[in-house]
1. Enumerate the pairs (first residue in region 62-79 and over 14 Å from ASN44 (Cα atoms) and among the aliphatic types (A, V, I, L, M); second residue anywhere and crowded, with 16+ Cβ neighbours inside 10 Å and modelled with pLDDT of 90 or more) with beta-carbon separation below 7 Å, excluding pairs fewer than 6 apart on the same chain, so at least 6 apart or on different chains.
2. List the residue pairs whose Cβ atoms are under 9 Å apart, where the first residue sits in region 28-56 and is at pLDDT 85 or above, the second is of a type in the set (Lys, Arg), and the two are 6 or more positions apart or on different chains.
3. What number of residues within region 1-26 are part of a helix (DSSP H, G or I) and either loosely packed, with under 10 Cβ neighbours inside 10 Å or at pLDDT below 85 (or both)?
4. Among residues belonging to region 40-79 that are outside any helix (DSSP H, G or I) and of a type in the set (Gly, Ala, Ser), point out the one that is surrounded by the most Cβ atoms within 10 Å (Cβ to Cβ).
Amino acid sequence: MKKVIRLTESELTRLVKRIIKENENDIDPLKGLKDQIITYLNDNGVFPDEESDDDILDELYSLYSQRDPQAIRFVRRLS
């Protein structure tokens, strides 16, 4: 049996905005951390191609494999 749920306009708006925001996070592999990660990599002498998310992630994972504490924090936030 199907159940009918009543929503106010504001509840529906909030729900749609939440779904859109969640989908944007799924599309962005760097989850809004791109600028912070690039700055951190540059501070460590690494200058990835800023247009390529794959290049940025490769450099970040390289530092992660070296047990760099900040790189570990970034990778955890991306997971």
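1. Pairs found: ILE72/TYR64; VAL75/LEU60; VAL75/TYR64.
2. Cβ pairs passing all conditions: LEU33/ARG77; ASP53/LYS34; ILE56/LYS34.
3. 10
4. Among them, the one singled out is SER52.
The values are calculated or read from the model by the stated rules, or taken from the named source; none is laboratory data. Source: prediction; values computed, not measured. Heads up, the Cβs are rebuilt from the backbone with ideal geometry, glycines too, and the neighbour counts pull from every protein chain shown.
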